[in-house]
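Mind having a look at this structure? Questions to follow.
The values are calculated or read from the model by the stated rules, or taken from the named source; none is laboratory data. Model, not experiment: these values are computed from the prediction. Backbone-built Cβ (ideal geometry, glycine too); neighbour counts: all protein chains shown. Just the protein is used for accessible areas: all its heavy atoms, side chains included, with ligands, DNA and RNA removed. Shrake-Rupley method; radii C 1.70, N 1.55, O 1.52, S 1.80 Å.
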Amino acid sequence: MGKATSSSSTTTTTPIALFFQSKLLCFSLLYLLTSLFLALYHYLSPTQCLFRSSPFDHPLQTPLFTYPSSYGEHKYALTTHRSFCNSSIFFSDYRRVFKEIQELCRNSLVSTTVLRYMQGKNSGSFGANFSTQKRISYFDHLNDNVEVPCGFFKEFPIATFDRIATENCSGVVVVSAIFNNHDKIRQPRGLGSKTLDTVCFFMFVDEATLKGLDYHQLISTKSNENRIGAWRLVKVSSNELYENPAMNGVIPKYLVHRLFPNSKFSVWIDAKLQLTADPLLLIHSLVVSENVDMAISRHPFFIHTLEEAIATARWKKWWDVDSLQTQMETYCENGLQPWTSNKLPYPSDVPDSALILRKHGLSSNLFSCLVFNELEAFNPRDQLAFAYVRDGMSPKLKLNMFDVEVFEQVAMEYRHSLKSSTTLNKQPKSITTAGHHFLVNSTTCCSNYLSKM
C-alpha cells in the first residue's frame, strides 16, 4: 500500500513539476537570447558610446554623393582609439524624435521674447568694431527694447536667391563653411529616413573654394545654384568682408540665427569634421532632453581660458601674439577668472567649438552676438572669448558641455587640406610677435589669474 501511494503521488506531481521547469527554461532561454542579441548589436555598432532605444531603426546606408578619387575627401582622418567609454550618449527612437522636434518647431512660431538687433550701415566693418566698454554695456540684457549689435552693419554678400533660401529654411539647419579652399566637403552619415527632407544643409564657400571644387569637376562655376550631396552651396564674395578667411567663417558660425531667422534649431559643424550621427537625434539628446540653450564639447585638455591662450601663442595658432596678450589683459581687467567649482554647473571654461548645437532663443542668440563682437575686436579664436562672455552675460546661458568622448563618437575629424604657402593665419610681414614673452610682463589682474590657475 505504501509503495502504491508513493507511485500514485509521483505520477500526479511530475507533470506539474515539468510544466514549471519548462516555463522556467523558456524564460531562461528568452533572457539568454535577448542578452546575446543586445551584446551582438552593441559589438557591431560603429561605437560603443552610442545607444539607440530601437536597434531596428537603421540609418540610411546609401552614399549621398560619389566623389572622384582625385578629391580625397577621406584623406588624413584623425582617428581616436578608446578601449572603453565613460560617457555614452543615448538616442531615443528616431520616429518619436522626428515628431517631437517638428512639434517643438511649430510651437516656437510664437515667441514671447525676441532679441532686437542694432541696424545701420558702417562702411568700415561688418560688425562695427565697438570699443571694449561699449561691448560690455550689452552683456546685461535687462531691457528687451534695447537693440544689440550683432553684425550686418555691411551687407552680407550673397546672391538674392541664396538669401531667400536661407530665410525659407525653418525648423532645423546644419551649417558649415569653407573659405580659401581650407577643407574638403564631406557628406553626413547616419541620417534617418526623413532627415534630408526636413533638415536644411548649407555650406558657405568663397571663390577660392569654388574654383577647387570646379577643378575636381564636383560643380560648375557657371551654374548659379550648386549642390553636392546633402549640402547646398552658398557663394560668399569674401573680398567684401574681412581680409582673414577665418574671420569670414565666423559669420555663419556665430550669426547663424541671423542668416537663418526662421530656423528653430541649428547645428554648426566645422568643415574639418564629418557628421556621423543624425542631427535630429543629436539635438534631441544633447539640447532638448537636457533642457538647455546650447550644447558644445569640452576641450580635451584645457579647462582655463589662459591655458588655451598660452597654447595659441606657443603653437602659433594666431600670428599676432601681442594682440593676444592685449586681449587676455582686457578680459582679466574686466572680470575673467579661472575655472573653479564655483562656476558649476559649467564644467569648464574652454570648449571644443568645432560642433555647436543651438536652440535659437534669447539667451543663445545674445551669447552668439556677444561672442561675435569679441571675435571682431580681437581675432577669430572663439575659445578665448567663450568663458568671458558666458560668465559675464545676463540672462545666463543654459549650457550642456558634454564630454569629448561624445564629440569623438558623433563626428570624424580630418586634417585641413590647406597648403602651408596659403595658411589662413599667415603672418603679415609688418607684424612682430612676442611668443616667448607671452603674459610674462602681464598686468596684475592676469598675474592673479595665473596664480589661481
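Which FRET efficiency value, to the nearest 0.05, is calculated for residue 158 and residue 129 with the Förster distance at 25 angstrom and r the Cβ-Cβ distance? Don't skip to the answer; put the middle values down first.
Values: r = 22 Å, r/R0 = 0.88.
For residue 158 and residue 129, the calculated efficiency is 0.70.
Stokes-Einstein diffusion coefficient for the range 226-277 at 10 °C in a medium of 1.306 mPa s, Rh from the Kirkwood formula over Cα pairs: what value in µm²/s? Write out the running numbers ahead of the final one.
Values: Rh = 12.9 Å.
D = 124 µm²/s.
Share of Cα-Cα pairs in the range 99-216 beyond 25 Å, in percent? If you can, show how the numbers build up before the last one.
Working: 3311 of 6903 pairs.
Every Cα pair in the range 99-216 considered, those over 25 Å come to 48 percent.
Moving to a separate point now. Viscosity 1.306 mPa s, temperature 10 °C: Stokes-Einstein D of the range 378-419 from its Kirkwood Cα radius, in µm² per second?
On the way: Rh = 13.4 Å.
The Stokes-Einstein estimate is 118 µm²/s.
I've got another one for you. Taking just the alpha-carbon atoms of the range 237-356, what radius of gyration and Dmax come out, in angstrom?
For the range 237-356, the Cα-based Rg and Dmax read 16.6, 45 Å.
Just to verify a number: what accessible area does residue 445 come out at with the full protein assembly present, 1.4 Å probe, Å² rounded to tens?
Counting only protein heavy atoms, residue 445 exposes about 60 Å² to solvent.
Also, I was wondering about something else. Using a 1.4 Å probe and counting only protein heavy atoms, arrange 93, 278 so the residue with the most accessible area comes first.
Numbers: 93 30, 278 0 Å².
If we order 93, 278 from most to least accessible, we get 93, 278.
For a quick check of understanding: with a 1.4 angstrom probe and all protein chains in place, what accessible area in square angstrom does residue 173 have, to the nearest ten?
0 Å²
Using the alpha-carbon centroid of each, what span in Å lies between the range 311-381 and the range 153-194?
That distance is 24 Å.
Take the Cβ-Cβ distance between residue 362 and residue 65 as r, set R0 to 51 Å, and report the resulting FRET efficiency rounded to the nearest 0.05. Each step should come with its number before you reach the end.
On the way: r = 37 Å, r/R0 = 0.73.
Computed FRET efficiency for residue 362 and residue 65 comes out at 0.85.
Further, regarding this structure: What are the extents of the Cα atoms of the range 290-338 along their three principal axes, in Å, largest first?
40, 26, 16
On to the next question. Only bridges with both residues in the range 141-284 count here: give the DSSP antiparallel percent, nearest 5.
Numbers: 3 of 19 bridges.
For the range 141-284, the DSSP antiparallel bridge percentage is about 15.
Restricted to Cα positions, what overall size does the range 196-238 have along the principal axes? Three whole-Å values, descending.
Projected onto the principal axes, the Cα atoms of the range 196-238 cover 30, 22, 15 Å.
At 1.4 Å probe size, put 136, 228 in order of accessible surface, largest to smallest.
Details: 136 45, 228 0 Å².
Largest to smallest exposure gives the sequence 136, 228.
Also: Go through 184/235; 264/316; 121/222; 253/396; 134/396 and tell me which ones have a Cα-Cα distance over 26 Å in this structure.
264/316; 121/222
Give me the dipole magnitude in Debye, nearest 20, for the range 245-379 about the Cα centre, with unit charges on the beta carbon: positive for Lys and Arg, negative for Asp and Glu. Could the numbers behind the result be given before it?
Values: 11 positive and 14 negative charges, 86 e Å.
In total the dipole reaches around 420 debye.
Can you list the equivalent-ellipsoid semi-axes of the range 265-306, largest first and in whole Å, using the square root of 5 times each Cα gyration tensor eigenvalue?
Working: eigenvalues 87, 49, 15 Å².
Semi-axes from the Cα gyration tensor: 21, 16, 9 Å.
Would you mind putting 234-241, 407-414 in packing order, based on average other-beta-carbon counts within 10 Å, highest first? Walk me through the numbers on the way to the answer.
On the way: 234-241: 18.2, 407-414: 21.2.
Ranking the peptides 234-241, 407-414 by packing returns 407-414, 234-241.
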